Amino acid sequence: MLSKEVSYAHQGYIYLIKNTKHFLSSMLNTYCKITEGLEVVAWLSSHTLTTISQRDSSHPRHCKHQLGGQRLVNTDSLHFISRFFSSSDVHTEAVQAALAKHKERKMAVPMPSKRRSLVVQTSMDAYTPPDTSSGSEEEGGQGEGTPTSSQGSVSMEHWISRAIHQGSTTSSSSSSTQSGGSGAAGRLADVLAQTHVGKSGNSPSPSSASTYIPQPVTLTLPAMLLNPASLACVFPVSSRVSAKIQQLVNTLKQPRRPPLREFFVDDFEELLEVQQPDPNQPRPEGAQMVAIRGEPLGVVTNWPPSLEAALQRWGTISPKAPCLTTMDTNGKPLYVLTYGKLWSRSIKVAYNILHKLGTKQEPMVRPGDRVALVFPNNDPAAFMVAFYGCLLAEVVPVPIEVPLTRKDAGSQQIGFLLGSCGVTVALTSDACHKGLPKGPTGEIPQFKGWPKLLWFVTESKHLSKPPRDWFPHIKDANNDTAYIEYKTCKDGSVLGVTVTRIALLTHCQALTQSCGYTEAEIIVNVLDFKKDVGLWHGILTSVMNMMHVISIPYSLMKVNPLSWIQKVCQYKAKVACVKSRDMHWALVAHRDQRDINLSSLRMLVVADGSNPWSISSCDAFLNVFQSKGLRPEVICPCASSAEALTVAIRRPTDDSNQPPGRGVLSMQGLSYGVIRVDSEERLSVLTVQDVGTVMPGALMCVVKPEGVPQLCRTDEIGELCVCSIATGMSYYGLSGMTKNTFEVFPTSSSGAPISEYPFTRTGLLGFIGPGGLVFVSGKMDGLMVVSGRRHNADDIVATALAVEPMKFVYRGRIAVFSVTVLHDERIVVVAEQRPDSTEEDSFQWMSRVLQAIDSIHNVGVFCLALVPANTLPKTPLGGIHLSETKQLFLEGSLHPCNVLMCPHTCVTNLPKPRQKQPEIGPASVMVGNLVSGKRIAQASGRDLGQIEDNDQARKFLFLSEVLQWRAQTTPDHVLFTLLSSKGAVLSSLTCLQLHKRAEKIAAMLMERGHLQDGDHVALVYPPGIDLIAAFYGCLYAGCVPITVRPPHPQNIATTLPTVKMIVEVSRSACVMTSQVISKLLKSKEASAAVDVRAWPPVLDTDDLPKKKPPQLYKPSNPDTLAYLDFSVSTTGMLAGVKMSHTATSAFCRSIKLQCELYPSREVAICLDPYCGLGFVLWCLCSVYSGHQSILIPPSELEVNPALWLLAVSQFRVRDTFCSYSVMELCTKGLGLQTESLKSRGLDLSRVRTCVVVAEERPRIALTQSFSKLFKDLGLHPRAVSTSFGCRVNLAICLQGTSGPDPTTVYVDMRALRHDRVRLVERGSPHSLPLMESGKILPGVRIIIANPETKGPLGDSHLGEIWVHCAHNGSGYFTVYGDEALQSDHFNSRLSFGDTQTVWARTGYLGFLRRTELTDASGERHDALYVVGALDEAMELRGMRYHPIDIETSVIRTHKSIMECAVFPWTNLLVVVVELEGSEQEALDLVPLVTNAVLEEHYLIVGVVVVVDIGVIPINSRGEKQRMHLRDGFLADQLDPIYVAYNM
């Protein structure tokens, strides 16, 4: 048995892990410890491999290791082994050796784990074992009997419990190194260590981890600015997750494949590495080959002039001679068809086809027409009668498979073939007709893609007797089409190969001569009689020679794999036609049989003998049955193709001393198309057997597979081409493809054609060896060209099959194909996993397969997937339908249960990482811009000083004074209206009511709170009017308010610490709140989350004093603090920004002017009122401008998504503000309700501006879909726009009412990665649309500066947006005194040019572009385009990537991906996707995500995390909190469905 300590090389597999902690703990052990003989091995290009595997006595393919080998100039010097191997599983031994080679270097790779619900669903009970017809038919697979389930779900349960409890031992060491860092960082690390690492005995089960429910601003980090530098102290380098990911990074740094030559990279054209030819690669050196001619086709006097003539002869002179015996599923003879019956019934069929379909005047079928033959595999007699009936009627039969359902794999393509052949009639048997799917009225439905068919049953009882005088006209064979054989191509399309009557006859004659067929010989046929070798020997040549065919149906082989051998013994058959699969099955089943005697066999035709795997089945079969009378010379492999019919066949000889030919070829040489003999000590070799010599009367040559059909050299592999009468004639209806395949004129090196007659391409790759023996090394259809080297799919399958033990996957159920990713082919291996194999076993097998393929073929596997048993699409005879499997993989519909991906190993053609050039000085940039005529990128809104308006509020310096003035002049004017979830007015405030309420709150603060001027007060209220009153109460009392989002009652544990942190960091002297929240802050649940005794005094404003304060506070200086704006940025940075009274008034004035707000206006606001522009619009603007604000809390939209739009319509609002999350909620929630909303009278035609308040790049897709969706309700597309603000300035741009529409430009995404802006046309490759972020507000000046050199940049150059205006914040307020770090955020100066102006740095990259449009003042309009936050931008491979671009690509890849977020962790790209749909689909996403990011961004994804919907945290503005997500991931809080690690 296999040692349990097997281990695997880190070949860039993507590991699927649910519990990051367990995975990374064991990773740490793997890489960091050198204990118990585990040796940390450099990951060298010699490919670390381990594990020993058992021998497989029936292994299909012979290979041994590594490259080298003697040169050879002439094939005659090929070293052929002319002996049989005593045990022929050379390939298994080679794989063993490859895996054992590095056994001493053990590197235990942790096994992937999954969420428990997924594992349980894939237990034994979920499956029936696959149909044992699992052997590939077309693909030459080898099937196996039904498995015995020895390890049921018990081992599964055992594994689950191990997976859940295993990680504990390795995780205990991870909390030991947490010294250093600030106190806060140390505290946090301790908290994390206690929470997730402390319990070493029982790690939390997946279900207990699922309590992590992200809230909009869930903060578990200390109040510090979490830039990447400070993260180092939050998560020390050796803390649990980060340390292990660091190990992944170290692994990836180690050398992989042989180093490539330097990449070339243009300015920003990222040129992919083009694989350069290896200077040491073997090249052909032999002489040019010469075409080989087969023996002359003998002229035998009694050969019939046509096949119908032969049938007539035997049907009349030997009517009682048996022609065909069919078997039932018990192996008993079911029916014997004699030549007489075949003849008479064929005549009857011919007559009825011609005369009984349609009318006398308009027959449906005329001679030359095509008809379909649809017969099951267990009824060869009916098929034979119908086939010969067609030949006699001179119509063309098109044999196809029985369509079992309307959705059979490949059935649609068969339908296209029938349609193109003009088939209108299908001949079928009675039983088959009854078994076809029927519609409700009993008629056979039209299958998908099929033409309309008349189904015609050919049983005699249903047919009319032909008149005595009617007789078929039997002509000599001519060039008319005899039949059409279908052929499935690599891409799944189906072609029809036409075979003429003369080709049919000549082929039968050539087979008769080659095989030495004589009259009345008995032949046992296991093959499909409808096509290929089974048709040629069992239906056609047999009739020409009056032979007796014993037909073994596939269903009998499944029940009794020995049935064909038993029939050979019973009938003393001389010939048997089988596939290597049938020999393999017989080997597995033969032990119970004693009385087997195969001495009667003179020829055992192996139909897939050209497949190099078949050699091991042939040898093993001979080994076992030689003692039962089987002679070695009887085994006759043949090579065939649909186009060229029989290409070559080994002749049966009487001389047992003449051994067959063998070639031991270097696999390395073969991958370059060169034949190199290899000594047997090496591992990477392929042993091929000959398939005999060229057919009689044929001429064969070998031509280069690509390009001009030039003859190969003698030591070169090429495509075999045949010139003979006995080949196909054309692809029906496809003249272009026919010319390229059936009309090839091979040329010599001088360019002269070698023959005046055309050759036919066989689709087989190989060479002609000494003595004219033909060797086949693979098929053109199975060819995969990876990095310029050719690999054969069959070879890869063989290596996978040789990895022992084979008990985890089904033998014949392995598919290998290539997919094109990033301009090169990548190998994908898909296999069906047995239901009784444990996750652990399967994973180990997969890992070893990857190593074996890497070692033996020297090529990486891009993806290895295991799917549940019986789920791969099948061909009609049970093989894997390759093209359908590939299609499912590419669509993400394969639903694998295990996946390993290795893009790091395989993808070697990425562009060169960008080298940072030394920065050009700011002065040089400025001079350069002047010289090139580019203006400096600066712009400004209207000048506040020059705007004349009757703004009465301007004369007041403070908002508190404005409110007092309004309370006196317009006491009853309504300022605020709050709506309920039903759209009713919940409460409203007039100027006087607000003033009086604020007075009472001020009195309470002074009396009960004993607060001084300048004390800070935290306002913890739900969105509403109380918050506004409390804010002005603080101003009246001279206190500094801080608005804080209240904790979520359903999720106190995660939301309350954030509240507590803001209260502490802001140094609030007291907390003001409502009665309900006051109780919540002191509840039991709260005490479990925070220390409730540490709260400052909590004042409840539901119970206010009656009296007003003695006097209202008036600040002495307008530059003193008005309020603190605390928020968490998208990068997870918690910061309080100081807003002075001057800035607050200037802000309100700027918005009033931009939006033209007056007391007569109504504005609808659906925003969270806690920070930024949302707070200003909710609490401040109405008091300054006097307009009525209709307040709609965004949380109410979850109950009633139409609330906001209905309010806008009901109140006839012209201006409205919302967030992206509100817009998304309306787009998704109301998408199908627009008609019903219209009928309810919803009208948006009055809306002039609908502004999305955001701190990010405008989301064009969302705003456009919102505009389109509500266009029918009157919304004008130009009304929808965005604003832009940030921490240092809460609103820089806002569309406003006047001025040009927002513009959109398209930029080259690749140039953007290099920090350049290159404008392109819409629809260009790599184009990215960017929308202007709104008009620059009055009083705001903007300049674009280089973030590193601080020099000004030119127009349309990417840089940091700097802003100068009166409403900039005046600095950060933070408890840690880290202000030096961020001091230049608020007061920076340019290093060149205007060095006097003080600017605030926004931390966002963007560019200015002067447009052709004019603004209100008549000047040309300057548009600002925001690209993304500097803090969020990811530096990967020397380039700057913005998360949103990668996320957009990922979301497009699959319909089940609802949301996506990406973040970097130590140079690895982590992609988190939310899955909408069944957990079974989770693994489909891993290859799709990896491919999409590679193709579109030239990045290898490091980790793919699949999570449930709602796990990616979103803040109140609808922006993703990527850093929160990262911290949740590193702290194991996400409860992912899958984590796939790309090692």
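The values are calculated or read from the model by the stated rules, or taken from the named source; none is laboratory data. In this text the structure is predicted, and so the values were computed from the model without any measurement. Note that each Cβ is placed from the backbone with ideal geometry, even for glycine, and that neighbours are counted across all protein chains shown. The accessibility values were calculated without ligands, DNA or RNA, using every heavy atom of the protein model including side chains. Shrake-Rupley method; radii C 1.70, N 1.55, O 1.52, S 1.80 Å.
Filtering the stretch 1267-1287 to residues that are more than 21 Å from G1518 (Cβ to Cβ) and either open to solvent by 40 Å² or more (accessible area, probe 1.4 Å) or among the β-branched types (V, I, T) (or both) leaves K1271, D1272, H1276, R1278. Of the residues making up the stretch 1042-1095, those that are touching a helix residue (DSSP H, G or I) at 6+ places or on another chain (Cβ under 7 Å) and part of a loop (DSSP other than H, G, I, E, B) are P1046, P1047, H1048, S1074, K1082, V1090, W1095.
Just the residues that are in a loop (DSSP other than H, G, I, E, B) and hydroxyl-bearing (S, T, Y), please, taken from the stretch 851-884.
Initially, the stretch 851-884 is screened for residues in a loop (DSSP other than H, G, I, E, B), giving 858-860, 869-873, 875-879, 881.
Hits for the stretch 851-884 are T871, T875.
L1405 meets the conditions (1) closer than 30 Å to K916 by Cα; (2) touching a strand residue (DSSP E or B) at 6+ places or on another chain (Cβ under 9 Å); (3) open to solvent by 10 Å² or more (accessible area, probe 1.4 Å) in every case but one. The failed one is (3). W303 fulfils the conditions (1) assigned to a loop (DSSP other than H, G, I, E, B); (2) under 21 Å from E519 (Cβ atoms); (3) touching a Lys or Arg at 6+ places or on another chain (Cβ under 7 Å) except for a single criterion, (3). For the stretch 1078-1095, taking the residues that are under 47 Å from the mean Cα position of the chain (by Cα) and hydrophobic (A, V, I, L, M, F, W, C), the one that is nearest to A1018 (Cα to Cα) is identified as L1081.
Here's the yes/no breakdown for (1) of a type outside the set (A, V, I, L, M, F, W, C); (2) assigned to a loop (DSSP other than H, G, I, E, B):
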{"site": "N330", "(1), (2)": "yes, yes"}
{"site": "V336", "(1), (2)": "no, no"}
{"site": "K348", "(1), (2)": "yes, no"}
{"site": "I353", "(1), (2)": "no, no"}
{"site": "Q361", "(1), (2)": "yes, yes"}
{"site": "V365", "(1), (2)": "no, yes"}
{"site": "A372", "(1), (2)": "no, no"}
{"site": "N377", "(1), (2)": "yes, yes"}
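Does D1026 count as touching a Gly at 6+ places or on another chain (Cβ under 6 Å) and surrounded by fewer than 24 Cβ atoms within 10 Å (Cβ to Cβ)? Show your work before the answer.
Numbers: touching a Gly at 6+ places or on another chain (Cβ under 6 Å): no; surrounded by fewer than 24 Cβ atoms within 10 Å (Cβ to Cβ): yes.
The answer is no for D1026.
Might you check whether a residue that is in a helix (DSSP H, G or I), touching a helix residue (DSSP H, G or I) at 6+ places or on another chain (Cβ under 9 Å) and either modelled with pLDDT of 95 or more or of a type outside the set (D, E) (or both) occurs anywhere in the stretch 601-615? Yes, the conditions are met somewhere in the stretch 601-615.
Which residues, taken from the stretch 804-820, are hydrophobic (A, V, I, L, M, F, W, C) and assigned to a helix (DSSP H, G or I)? Talk me through it step by step, then tell me what you get.
Taking the stretch 804-820 first, the residues hydrophobic (A, V, I, L, M, F, W, C) are 806, 808-809, 814-817, 819.
Residues satisfying the conditions are M806, F808.
When the stretch 1455-1473 is filtered for residues that are in contact (Cβ under 8 Å) with a residue 24 or more places away in the chain, open to solvent by 10 Å² or more (accessible area, probe 1.4 Å) and of a type outside the set (A, V, I, L, M), the ones remaining, listed by number, are E1459, P1464, W1465, T1466, N1467. Might you check whether a residue that is of a type in the set (V, I, T) and either open to solvent by 20 Å² or more (accessible area, probe 1.4 Å) or over 23 Å from A1291 (Cβ atoms) (or both) occurs anywhere in the stretch 1245-1266? No; the residues of the stretch 1245-1266 include none that is of a type in the set (V, I, T) and either open to solvent by 20 Å² or more (accessible area, probe 1.4 Å) or over 23 Å from A1291 (Cβ atoms) (or both). Applying the criterion of being in contact with a Leu (Cβ under 9 Å, 6 or more places away or on another chain) and open to solvent by 60 Å² or more (accessible area, probe 1.4 Å) to the residues of the stretch 337-356, the residue that is farthest from Y571 (Cα to Cα) is K356. Scanning the stretch 1156-1214 for residues that are under 22 Å from H1141 (Cβ atoms) and either open to solvent by 10 Å² or more (accessible area, probe 1.4 Å) or within 48 Å of the chain's Cα centre (by Cα) (or both) returns P1169, Y1170, C1171, G1172, L1173, G1174, F1175, V1176, L1177, W1178, C1179, S1189.
Condition (residue is part of a helix (DSSP H, G or I), in contact (Cβ under 8 Å) with a residue 40 or more places away in the chain and among the aliphatic types (A, V, I, L, M)) applied to the stretch 1510-1527: is it met by at least one residue?
yes
Residue count for the stretch 781-803 under the criterion of being part of a loop (DSSP other than H, G, I, E, B) and either among the charged types (D, E, K, R) or open to solvent by 10 Å² or more (accessible area, probe 1.4 Å) (or both): the result is 4. Among what's in the stretch 565-609 and is small (G, A, S) and buried (at least 19 other Cβ atoms within 10 Å of the Cβ), pick the residue that is nearest to G879 (Cα to Cα). Residue satisfying both the conditions and the ranking: S580.
Listed residues R713, R631, R662, R650; which is touching a residue at least 40 places away in the same chain (Cβ under 8 Å), within 29 Å of D528 (Cα to Cα) and open to solvent by 10 Å² or more (accessible area, probe 1.4 Å)? Please lay out each step first, then the result.
On the way: R713 fails: within 29 Å of D528 (Cα to Cα); R631 fails: touching a residue at least 40 places away in the same chain (Cβ under 8 Å); R662 fails: open to solvent by 10 Å² or more (accessible area, probe 1.4 Å).
On inspection, the qualifying residue turns out to be R650.
Hey, could you check the stretch 285-307 for residues that are open to solvent by less than 40 Å² (accessible area, probe 1.4 Å) and over 19 Å from P380 (Cβ atoms) and say which is modelled with the lowest pLDDT?
Taking the stretch 285-307 first, the residues open to solvent by less than 40 Å² (accessible area, probe 1.4 Å) are 286, 289, 291, 294, 298, 304, 306-307.
If we keep only those that are over 19 Å from P380 (Cβ atoms) too, we end up with 286, 289, 291, 294, 298, 304, 306.
Working: G286: 90, M289: 92, A291: 93, G294: 93, G298: 84, P304: 92, S306: 94.
Among those residues, the one meeting the criterion is G298.
Only one of the numbered conditions (1) open to solvent by 30 Å² or more (accessible area, probe 1.4 Å); (2) within 25 Å of Y1372 (Cβ to Cβ) is not met by V1059, and that is (1).
Could you go through the stretch 1420-1442 and let me know if any residue there is part of a helix (DSSP H, G or I) and modelled with pLDDT of 90 or more. Full working, then the answer.
As a first pass, look at the stretch 1420-1442 and keep what is part of a helix (DSSP H, G or I): none.
Scanning the stretch 1420-1442 turns up no residue that is part of a helix (DSSP H, G or I) and modelled with pLDDT of 90 or more.
Within the stretch 1188-1203, the set of residues being in contact with a Phe, Trp or Tyr (Cβ under 9 Å, 6 or more places away or on another chain) and over 21 Å from Y1158 (Cβ atoms) comprises I1192, P1194, E1196, L1197. When the stretch 1315-1347 is filtered for residues that are touching a residue at least 60 places away in the same chain (Cβ under 8 Å), more than 18 Å from I1444 (Cα to Cα), open to solvent by less than 50 Å² (accessible area, probe 1.4 Å) and part of a strand (DSSP E or B), the ones remaining, listed by number, are I1336, I1342, I1343, I1344.
Against the conditions (1) open to solvent by 10 Å² or more (accessible area, probe 1.4 Å); (2) over 21 Å from P1109 (Cβ atoms), V1044 satisfies every one except (1).
Taking every residue in the stretch 936-962 that is part of a strand (DSSP E or B) and pairing it with any residue that is charged (D, E, K, R) and modelled with pLDDT of 85 or more, at least 6 positions away or on another chain, the pairs with Cβ-Cβ distances below 6 Å are A939/D1422; S940/R1341.
Report, by residue number, each residue of the stretch 1203-1236 that is among the charged types (D, E, K, R) and assigned to a strand (DSSP E or B).
Matches in the stretch 1203-1236: D1215 only.
Scan N1542, N1491 and give me the residue that is farther than 24 Å from A1429 by Cα and open to solvent by less than 10 Å² (accessible area, probe 1.4 Å).
On the way: N1491 fails: open to solvent by less than 10 Å² (accessible area, probe 1.4 Å).
One residue alone meets the criteria, N1542.
Summed over the stretch 425-474, residues that are β-branched (V, I, T), assigned to a loop (DSSP other than H, G, I, E, B) and open to solvent by less than 40 Å² (accessible area, probe 1.4 Å) total 2.
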